[in-house]
1. For the peptides 130-141, 24-35, 289-300, what is the packing order when you average, over each peptide's residues, the other Cβ atoms within 10 Å and list the highest mean first?
2. Per-residue counts of other Cβ atoms within 10 Å, averaged by peptide: what ranking do you get for 113-119, 159-165, 325-331, highest first?
3. In a shell of Cβ-Cβ distance under 14 Å around ARG147, excluding ARG147 itself, what net charge do Lys and Arg (+1) and Asp and Glu (-1) give?
4. Set the bar at 29 Å for Cα to Cα. Now go through LYS222/LYS242; LYS22/LYS242; LYS173/LYS222; LYS242/LYS326; LYS247/LYS326 and name every pair that lies beyond it.
5. Subtracting the Cα-Cα distance from 0.36 nm times the residue separation, let me have the gained length for SER32 to GLU330 in nm, one decimal.
Amino acid sequence: MRKFDPQVEASIQQLSDALSKKYPDIGAVIDSLKSGEMDEATAMKRIMRYVAEEGVGHEIEGLASEAFEPLRAERPSPIVLSEKGDLPIQGDPPPMVYEKDKIKRLNPLIEAAIAEQASIDGDVPGMRTGELPEGAHPAVPVETMARNPEAIGMMLDMASTEVAEEIREAQEKHVQDAKFIAMELEGQGVEGDEAIETYRRQLPDSVPMGIPGYEAGKVPVKREVVGPSGSALAKLTPEQRKRAAHKVLTTTQGRRSAMPVIEEMILTGLASEGFPMESRPEQRMAGKGILAHAEWSTNLGGPMATQSNFSFIDTAAKAITQKLAKVLREKSPENPVLEVTTIDTVDVRRIGWAARVVSREVTA
């Protein structure tokens with residue numbers, strides 16, 4: 001059993017008691033974990049599934065912030081960045097690497113999550129250290145304010161194709177440069193260690209792992225592509241329409257690409273309800289600073305599970321707006337600000353978008 005200092009133990013116990021009291025289902029899982037009837041991995045999956053299905057992530061975040069508030073004065077809270085790099089998550093994260101029998105390896109739970117995300121997205125560049133795997137497709141977010149999921153899906157395909165071609169060209173150029181240098185050295189009669197050192201000076205970099213904006217170990221940058229014309233959209237078959245829309249909803253970069261237009265629609269909707277405000281990227285917040293929160297999520301299904309005539313972007317924005325407005329009418333907040341993010345709980349097959357209205361002055 002892992003041991004913490006007394007203050008941390010007290011905070012963990014406070015959070016455990018608060019979760020058990022407010023969410024009996026989570027309390028039952030915690031009791032099973034404490035009694036040894038359930039292992040840590042199973043308990044974590046059960047809790048994550050409950051959070052995703054019930055949409056209580058922000059409420060739990062508030063309870064955690066309150067429980068660990070006394071520790072912040074002494075040390076900064078650890079922060080884990082999500083794959084997209086812009087969502088700070090509070091708490092003590094699971095170790096990325098663990099050691100058994102003096103052999104270090106990636107945490108199997110994290111390894112499985114990366115593999116599952118890669119199988120859906122095509123690639124996870126932020127968690128990759130080498131070249132794009134054979135058969136993989138670049139997962140590139142796009143800059144767009146389009147509301148049509150099919151149009152965004154086509155733009156994602158165009159961006160992926162462009163990046164794949166640019167990576168191929170960069171790698172071919174690297175090979176050609178290497179061959180040219182080798183021929184020059186041979187012509188000059190340079191051999192042995194001297195040839196190797198000269199070669200390294202003239203071609204210091206390894207084979208390109210990507211291109212600027214899409215590199216191994218980094219979050220992909222949104223790419224500007226020309227949106228499809230009306231005639232191009234009209235030529236899509238029903239199956240192509242479904243696949244294009246499905247890509248936006250189910251891939252990490254698709255949800256990132258659609259987030260700005262959803263945010264804009266929520267801002268417009270809240271303003272029409274009498275709550276004008278600005279937006280900002282999600283930040284770490286003290287529990288008392290969260291005024292309202294809402295989510296729209298759905299189960300992760302196959303390509304044909306997405307109806308081509310169903311605009312989930314409009315539906316998500318409207319549903320989140322209505323939920324936020326309902327809470328805000330009861331609170332009459334002063335100087336509120338909107339924060340929108342994506343729901344990426346692929347491991348429990350739940351994806352979508354979430355938003356919260358917070359007090360601008362209160363931060364963690």
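Readers should treat all values here as calculations from the given coordinates under stated rules, not as data from a laboratory. Note that the coordinates shown come from a computational prediction; the quantities given were computed from them, not determined experimentally. Every residue, glycine as well, gets a Cβ built from its backbone with ideal geometry; the counts of neighbours run over all protein chains shown.
1. 289-300, 130-141, 24-35
2. Details: 113-119: 15.3, 159-165: 18.6, 325-331: 13.7.
Per-residue mean Cβ counts within 10 Å order the peptides as 159-165, 113-119, 325-331.
3. Numbers: positive: LYS318; negative: GLU150, GLU263, GLU264, ASP314.
Within the 14 Å Cβ shell, the charges total -3.
4. Values: LYS222/LYS242 23 Å; LYS22/LYS242 40 Å; LYS173/LYS222 25 Å; LYS242/LYS326 33 Å; LYS247/LYS326 31 Å.
Those over the limit are LYS22/LYS242; LYS242/LYS326; LYS247/LYS326.
5. Details: separation 298, 0.36 × 298 = 107.28 nm, distance 3.79 nm.
103.5 nm is the gain from fully extending SER32 to GLU330.
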